[in-house]
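The block underneath contains the structure these notes are about, expressed in structure tokens.
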Amino acid sequence: MEPNKDSQNGDFSKENKIWSDDLQVGDPAIDNQHQEVFLLTQLLDQAVRNSSVIEKILTFLVTYTDEHFSDEEALMSRQSFEGIDEHKDAHELFRVMVIKLKNDYESSPEQASKLIFPIRKLIDEIIDHIIHVDYKLKALRQNEINPS
Ligand SMILES: [Fe+2]
Ligand SMILES: [Fe+2]
């Protein structure tokens with residue numbers, strides 16, 4: 001079967017994203033949190049067979065967007081990062097999207113399978129953010145460890 005085909009029937013075969021150590025920013029807590037997002041793509045595959053996994057993923061994402069983004073924002077504030085406002089705006093957008101999905105789930109849990117694709121889209125966007133935006137934190141973290 002081709003990837004992404006038949007999404008309406010619950011066949012969810014989009015490729016899983018694989019974590020790479022190249023993405024490490026050097027802060028163990030933040031790096032662990034980033035790896036967890038990659039693992040979510042595998043967990044979401046299970047949601048096709050068991051919709052209770054969707055609730056688990058959404059609960060994880062609510063906590064994640066609260067704690068992880070706060071950790072990154074604290075690192076950026078400590079180091080007076082120039083792009084902090086844009087970075088925080090991106091986080092805020094993710095927070096809003098997660099809350100919306102959680103509310104959608106809670107208002108109609110019997111329709112949970114319809115949320116699989118929007119959740120996957122959100123996870124993919126967070127992964128893109130890790131790859132293309134969060135990598136800038138590496139320099140901050142190095143500065144924190146070895147101030148010049
Ligand atoms: Fe991040
Ligand atoms: Fe971030």
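Each value in this text was obtained by applying a stated rule to the coordinates, not by laboratory testing. Small disclaimer: the values here were computed from a predicted structure and weren't measured. Cβ atoms come from the backbone with ideal geometry, glycine included; neighbour counts cover every protein chain shown.
Which one, Phe69, Asn50, Leu137, projects farthest toward the positive side of the charge dipole computed for region 43-148 from Cβ point charges (K/R +1, D/E -1)?
Comparing the listed Cα positions along the dipole, Asn50 ranks first.
Rounded, prolate or oblate for region 54-97? Axes are the square roots of the Cα gyration tensor eigenvalues, ordered a ≥ b ≥ c, and the cut-off for rounded is a/c under 1.5.
Because a/c hits 1.5 or more and a/b fails to exceed b/c, region 54-97 counts as oblate.
With N set to the residue count of the chain, report its C-alpha Rg divided by 2.2 N^0.38 Å to two decimal places.
1.13
How far apart, in nm, are two points set 7 Å out from the Cα along the Cα-to-Cβ line at Lys136 and at Glu92?
Each label point is offset 7 Å from its Cα along the Cβ direction, giving 1.6 nm.
Under 8 Å for C-alpha pairs, at least 6 residues apart: give me the relative contact order for the chain, rounded to a whole percent.
Value for the chain: 32 percent.
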